[in-house]
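My questions all concern the structure below.
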Amino acid sequence: MTQELTTSLATEPARSSESPGWWRDAVIYQVYVRSFADSDGDGIGDLRGVRERLPHLAGLGVDAVWLTPFYASPQADGGYDVADYRAVDPLFGSLGDADDLVRTAHELGLKVIVDVVPNHSSDQHPWFREALADRPGGAARARYHFRPGRGAHGELPPNDWESVFGGPAWTRTTDPDGTPGEWYLHLFAPQQPDLDWDSAEVRAEFDSVLRFWLDLGVDGFRIDVAHGMVKAAGLPDIGHTEQAKLIGSQVLPFFDQDGVHEIHRSWRRLLDSYPGDRIGVAEAWAPTAERLALYVRPDELHQAFNFQFLKCPWDAVAMRQVIDESLAATGSVGAPTTWVLSNHDVVRHPTRYADGSPERGLARARAAALLTLALPGSSYLYQGEELGLPEVTDLPDELRQDPAFFRTSPDGQDGQGGQDGFRDGCRVPLPWTRSGKSHGFGPGGSWLPQPDTWSGLSVEAQTGDPDSTLELYRGALALRRELPGLGDGAMSWLQAPAGVLALSRPGFVCTLNTLGEEIELPVPGRALLSSAPLTYEAGTVCIPPDSCAWWAI
Ligand code: NOJ
């Protein structure tokens with residue numbers, strides 16, 4: 001192998017999670033609270049359940065935990081419809097439980113990131129109730145986007161914007177006397193009215209909400225729809241249908257407007273005013289890696305999810321291009337890149353990569369995990385990926401909860417990943433034990449049924465089995481901590497046959513074979529870990545199909 005330098009980003013050496021800049025190469029584990037662990041047997045995961053299972057995460061070797069929303073909410077969109085930003089929903093526990101969880105996590109050396117949902121509130125938030133009760137033009141309506149309708153009788157929505165979940169982005173209100181009134185904007189479900197960030201009251205309220213959780217000790221925020229808070233002046237028509245899809249990259253008058261950056265700058269000042277290294281992570285859908293990098297300029301947020309990588313197909317050329325573009329874009333502003341393969345909004349990656357064969361999907365998912373953990377920057381893991389869980393694709397419709405399913409198409413068959421009603425399929429509760437009512441998820445059942453085959457995928461079944469996906473993740477995360485060349489820092493590409501990626505970091509090489517057949521390479525060094533068994537022959541190594549290996553050099 002000869003070295004061909006294509007990317008070399010000068011960044012600082014690897015850090016421990018105690019030092020400033022811990023986030024630059026942190027491995028952050030996403031806990032979807034409803035589906036992680038249930039302490040009280042009601043079939044729904046909760047904060048106590050998460051706390052009891054924190055040793056699993058510390059043992060796995062991650063640096064931080066991101067908790068999805070556990071705030072008071074009618075759960076019209078899995079808690080991304082918040083009715084009280086300072087309260088814990090009784091479904092998930094109490095404020096005391098949140099406090100205990102943060103304390104225990106810190107004792108175990110884990111940072112805690114919580115979600116903040118600033119683009120919209122719940123329609124049950126006191127502000128929205130007040131707004132509905134107010135008159136058109138009233139002060140309570142100025143916190144949201146209320147507009148008169150178009151048409152002779154205001155019977156048409158104020159503009160042609162569509163909801164991300166399907167259908168118009170506007171719902172008409174009814175006045176106190178029963179007559180049809182103004183319309184309000186909701187880029188997501190009708191139960192999620194968009195807040196108007198031109199309102200000083202809205203800005204001040206969110207500063208206070210951030211302070212509330214920072215005072216409780218959280219280490220940062222994952223900012224929901226961080227690209228959506230500012231809408232283009234005059235709310236102009238778009239002129240066509242088929243607008244935003246979940247995790248999209250379209251240029252739209254309601255997403256990625258330049259005005260959002262000023263909000264993020266002010267939040268950065270707030271975060272920096274707290275002791276410790278508290279961080280902001282943007283869930284931002286931007287058209288390009290360059291636009292996304294604007295969110296992580298030195299005076300803005302610390303990280304942004306790299307959805308370009310998540311959406312990349314299993315193809316060496318495409319992967320290398322996304323990796324290069326991501327590193328160049330974030331490198332230009334001095335920020336680390338993030339690597340994300342799955343989350344609670346997309347089809348789990350073993351299923352995305354399967355191409356009709358679940359075995360192939362799992363092989364590729366294991367290889368992708370080793371690739372991403374070898375890349376410079378920070379990695380996000382979605383709960384259950386360390387078990388190799390596939391998407392559950394046969395959930396009965398009557399159990400589904402995803403609003404996208406009900407609004408996109410009645411049969412949920414429109415074929416758009418994440419929009420086809422299958423967001424529930426990546427949210428099925430985790431299997432912890434081989435047997436038991438909900439495979440150890442809790443003492444009761446589980447809000448979505450777990451497939452029987454998950455017995456063999458449980459934490460219990462995989463622990464101690466050297467070939468298991470769980471042990472692969474444990475091994476990779478342990479090595480990532482040990483090897484100074486991994487985490488933050490520089491990388492370069494090595495020459496490799498078509499379909500193979502070989503990347504080099506100080507003292508380290510990672511080889512990925514994306515092809516459906518094995519490939520023979522000169523032995524790059526001492527094998528550290530591989531996602532499939534390697535075989536050797538006189539100075540060469542056979543890298544199995546759809547596999548990845550780590551080497552010490
Ligand atoms: C992104 C969240 O990840 C998703 O689950 C939610 O539906 C939307 N934002 C709206 O809050």
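The values are calculated or read from the model by the stated rules, or taken from the named source; none is laboratory data. The structure displayed is predicted, hence computed values, not measured ones. Backbone-built Cβ (ideal geometry, glycine too); neighbour counts: all protein chains shown. Only protein heavy atoms, including side chains, enter the accessible area calculation; ligands, DNA and RNA are left aside. Shrake-Rupley method; radii C 1.70, N 1.55, O 1.52, S 1.80 Å.
Taking the Cβ of residue 435 as the centre, find all other residues whose Cβ is under 15 Å away and add up their charges (Lys, Arg: +1; Asp, Glu: -1). Don't jump to the answer; show the numbers that get you there.
Numbers: positive: 434, 437; negative: 452, 460.
Once positives and negatives cancel, what remains is 0.
Roughly what angle does helix 316-332 make with the longest principal axis of the chain, taking Cα atoms, 0 to 90 degrees, to the nearest 10?
Around 60 degrees separate the two axes.
State, as an integer percentage, the relative contact order of the chain based on alpha-carbon contacts under 8 Å between residues 6 or more apart.
Numbers: 1241 pairs, mean separation 87.8, N = 553.
That works out to 16 percent.
Now a separate question. Using only alpha carbon pairs under 8 Å that are at least six residues apart, calculate the relative contact order of the stretch 412-553 and give it in whole percent.
Details: 229 pairs, mean separation 19.7, N = 142.
Relative CO of the stretch 412-553 lands at 14 percent.
Using the charge dipole of the chain (Lys, Arg: +1 at Cβ; Asp, Glu: -1 at Cβ; taken about the Cα centre), state which of 543, 284, 83 has its Cα farthest towards the positive end.
Result: 543.
Apply the a/c threshold of 1.5 to the C-alpha gyration tensor of the stretch 126-185 and tell me whether it is rounded, prolate or oblate.
Working: a/c = 1.94, a/b = 1.28, b/c = 1.51.
Oblate.
Rounded if a/c is under 1.5, else prolate if a/b beats b/c, else oblate: with a ≥ b ≥ c from the C-alpha gyration tensor eigenvalues square-rooted, which is the stretch 163-257?
Working: a/c = 2.11, a/b = 1.34, b/c = 1.58.
In terms of gyration-tensor shape, oblate.
Using the Cα centre of the stretch 172-298 as the reference point, and only Cβ charges (+1 on K/R, -1 on D/E), how large is the resulting charge dipole? Debye, rounded to the nearest 20.
Details: 12 positive and 21 negative charges, 97 e Å.
In debye, rounded to 20, the stretch 172-298 gives about 460.
Each residue of the stretch 102-111 in order: what ³J(HN,Hα) in whole Hz does its phi give by Karplus 6.51 cos²θ - 1.76 cosθ + 1.60, θ = phi - 60°, with x for Gly and Pro?
Result, rounded to whole Hz: 4, 5, 4, 4, 4, 4, 8, x, 9, 7.
In square angstrom, what is the accessible area per residue of the chain with a 1.4 angstrom probe?
Details: 19960 Å² over 553 residues.
I get 36 Å² per residue for the chain.
Would you calculate, for the chain, the mean residue ellipticity at 222 nm contributed by helices, counting each DSSP H stretch of 4 or more residues as -39,500 (n - 2.57) and dividing by all residues, to the nearest 500?
Numbers: 14 runs with 135 residues, N = 553.
Roughly -7000 deg cm²/dmol at 222 nm, from the helical runs in the chain.
I've got another one for you. For the chain, take the longest principal axis of its alpha carbons; what is the angle in degrees between that and the long axis of helix 200-216, to the nearest 10 within 0 to 90?
Approximately 40 degrees, to the nearest 10.
Please work out how many pairs of lysine residues in the chain are eight or more positions apart (or on different chains) and have Cα atoms closer than 29 angstrom.
Final tally of qualifying lysine pairs is 4.
Next question, about the same structure. Work through the residues other than residue 240 whose Cβ is under 12 Å from its Cβ and net out their charges, Lys, Arg +1 and Asp, Glu -1. All intermediate terms of the calculation are to be shown ahead of the outcome.
Numbers: positive: none; negative: 160, 162, 237, 242.
Residues near residue 240 contribute -4 overall.
Restricting the count to DSSP beta bridges whose residues both fall in the chain, what percent are antiparallel, rounded to a multiple of 5?
Values: 41 of 66 bridges.
Percent antiparallel among DSSP bridges in the chain is about 60.
Under a 5 Å amide H to amide H cut-off, with H placed in plane at 1.01 Å, what residues pair with residue 171 once short-range neighbours are removed?
Result for residue 171 returns 184, 186.
Which percent of the accessible area of the chain is formed by carbon and sulfur heavy atoms (probe 1.4 angstrom)?
Values: 10550 of 19960 Å².
Carbon with sulfur: 53 percent of the solvent-accessible area.
Let me ask something else about it. Are there GluC sites (Glu not before Pro) in the stretch 192-287 that DSSP puts in a loop and that have at most 10 other Cβ atoms within 10 Å, and which ones?
Here the GluC sites (Glu not before Pro) that fit, given the DSSP loop and packing criteria, are 242.
Can you list the HN-Hα couplings for the stretch 547-552, worked out from phi with the Karplus curve (6.51, -1.76, 1.60; θ = phi - 60°), rounded to whole Hz and with x for Gly and Pro?
Result, ordered by residue: 9, 9, 9, 10, 10, 8 Hz.
Using amide H atoms built in the peptide plane, which far-off residues or other-chain residues are under 5 Å from residue 27 H to H?
63, 64, 379
In whole Hz, with x marking every Gly and Pro, tabulate ³J(HN,Hα) for the stretch 517-532 from phi via Karplus 6.51 cos²θ - 1.76 cosθ + 1.60, θ = phi - 60°.
Once θ is set to phi - 60°, the couplings for the stretch 517-532 become 10, 6, 10, 9, 10, x, 4, x, x, 8, 5, 9, 6, 8, 7, 8 Hz.
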